[in-house]
Every structure is written in C-alpha cells, then in structure tokens.
Amino acid sequence: MRPLRLLHTSDVHLAGGFSTPKSCDRRHDCLCPILGVAELAREHRPDVLLVVGDLFDHGRVPDEMVRAAFGVLAKLDLPTVLISGNHDIHDDASLYGRHEPVVGGAGVTFIDELEGATLRLLDDELVIWGRAMDDHHPGFRPLHGVPTRAAAAADSWYVVLGHGHYVGQEPADASMRSSPITDDDIAATGADYVALGHWHTLTDVSAGGVPAWYAGSPMMSWSDGVALVVDLVPGQGARVEAVPVVPPAAGCA
Ligand SMILES: [Mn+2]
C-alpha cells in the first residue's frame, strides 16, 4: 500500500441560503462553500474527494445551480465520491437521479445503491463502501451491511462513508434518532477510516480502534467552517488534520 490522501467534507448545504459567507451577495444560488472546498483540493492535492451527504440542502434545487455546482467539481479533475444525506435524499424525486449525466460528467461517483456498494479506485489501492439513503428514519442504519475488511479490502486501504446521527453505545434498535450510527457499527467496519456526515461540527467519534470523524460543514453564514485532510500512511493508518475553508474573497457572483 502506498500513502494516500483524502479530502473529507459533508453538509455543504448548497441552496440552503444559510451556508453563504457574509462576503457574498448571493444567498440561495451561492457557490462559495463548494468553491472553498475546491480551493482546498487545489492546495492539498488529495487523491480522492469525499462528499458525505447533504451536498445540497434539498431536492428541488434549480437545474442551473446543480450544473454550476458540478461544474466546480468537474474543473478539479479529481475522483470524487458522493453519497446522499437526509436533505438530498435518494428517493423517487432524487436530484442525483434527475441529473445523472451531469454528475457522471463531472467525474463524480454517486453511490445510488440503497443496500450499499463497494467501489474500487486508484487501481484497487483504495476501496470505498457507502450506501444511498432514501428515507431518514430510526430504522435506516447508515453503516448496516458494511462488508468486513477481509472481504472488501484485504490488500487495500478501506474507507467507509456514512451520513447519520452518532449515538455512541446506545443500541441502534432502541434509538429514537433517525439514521443512528453506534460505536459497534464503527468498530465492526474494521476500516482504515470512517468518513461521516450529518453533524455540522467537527467531531472525533473513533471507536474500537477505527478512526471515525465528522468533518463539520465547510461554511455557515454565522461561522467559519472546516474540512478534513486525511492521510493514510502505511504502517500508521489515518492521520487526520482539520483545515479551515476560506470563502472566495469577493464572493462567487
Ligand atoms: Mn444531514
């Protein structure tokens, strides 16, 4: 295995109107959060960009905005893996279903399988598992059905994606929270890194020796945001560093 670098973000909430920095005049059509993430990608040169749910704030985003957002990602020329969250849910009205050619054309792999899918990237050096969410409810388990490390990625780096609410040691079937993720879920992946989304605050929820992090939101109108640069280092595993996301100085207009 060679060293690999991931850039991990989630909860970008484009078109939400509240993910817009004060420096920008735009609101619901503001691209500053994704432009900030793209700038980080140029600076830190990751091998893969992970967007772990809620790239968009809802499913009724105008076509023009969807094309503009994926246009930013297309320019990066960087393999990008995306899952849905509870805001951009993958149901019959899925934005990603409607815009399949736009998503694929941008070099973005959207995981559309509700039972989960395993991707092999970078000549099999990196294996990524994630599942699409079609309904945000207590019965949906973001990390349910993750293949074991031995089955999925014996000689590769293994990274698992999940968008949901961390409940720690609470049993998932007793949780009143939608899309619960437990310590046991995280530990059972045996992954080199679990990239989570849903919480807008940077949080370490590593469990059972498996590093697992919420990357926080890249941008909110009331606070500066962050993303995570994750270095996968042979013999050491994941090294996680939070990096600030800086909005374009003059906004995105
Ligand atoms: Mn969410």
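The values are calculated or read from the model by the stated rules, or taken from the named source; none is laboratory data. Since the model is a prediction, treat every value here as computed from it, not as a measurement. Methodologically, a virtual Cβ is constructed for each residue, glycine included, from the backbone with ideal geometry; neighbour enumeration extends over all protein chains shown. These area figures cover heavy atoms from the full protein model, side chains too; ligands, DNA and RNA do not enter into them. Shrake-Rupley method; radii C 1.70, N 1.55, O 1.52, S 1.80 Å.
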So, in segment 149-167, how many residues would count as being at pLDDT below 95, within 24 Å of ALA215 (Cα to Cα) and out of contact with any Phe, Trp or Tyr (no Cβ under 7 Å at 6 or more places or on another chain)?
1
Output the residues belonging to segment 159-188 that are in contact (Cβ under 8 Å) with a residue 60 or more places away in the chain and β-branched (Val, Ile, Thr).
VAL159
Does segment 140-149 contain at least one residue that is buried (at least 18 other Cβ atoms within 10 Å of the Cβ), on the phi < 0 side of the Ramachandran plot and basic (Lys, Arg)?
yes
Name the single residue, out of those in segment 182-205 being within 12 Å of the ligand (Cβ to nearest atom) and assigned to a strand (DSSP E or B), that is surrounded by the fewest Cβ atoms within 10 Å (Cβ to Cβ).
LEU196
Picking from ARG27, ARG67, ARG60, ARG42, the residue that is basic (Lys, Arg) and either crowded, with 22+ Cβ neighbours inside 10 Å or out of contact with any helix residue (DSSP H, G or I) (no Cβ under 9 Å at 6 or more places or on another chain) (or both) would be ARG27
Has segment 11-27 got at least one residue that is touching a Gly at 6+ places or on another chain (Cβ under 8 Å) and at positive phi?
yes
Just name the residue that is most open to solvent (accessible area, probe 1.4 Å) out of those in segment 228-253 that are over 27 Å from THR148 (Cα atoms) and outside any loop (DSSP other than H, G, I, E, B).
PRO244
I'd like to know if segment 125-138 contains one or more residues that are buried (at least 23 other Cβ atoms within 10 Å of the Cβ) and of a type outside the set (A, V, I, L, M, F, W, C).
yes
Selection status of GLY208, within 23 Å of THR118 (Cα to Cα) and open to solvent by 30 Å² or more (accessible area, probe 1.4 Å):
yes
Flagged in segment 139-165 as part of a strand (DSSP E or B) and either closer than 17 Å to HIS90 by Cβ or within 15 Å of the ligand (Cβ to nearest atom) (or both), in numbering order, are LEU161, GLY162, HIS163, HIS165
Given the conditions (1) away from the ligand (no atom under 16 Å from the Cβ); (2) free of Cβ contacts under 8 Å to residues at least 60 places away in the same chain; (3) open to solvent by less than 20 Å² (accessible area, probe 1.4 Å), which single one is not true for ALA15?
(1)
Among the residues of segment 39-49, are any in contact (Cβ under 8 Å) with a residue 40 or more places away in the chain and on the phi > 0 side of the Ramachandran plot?
yes
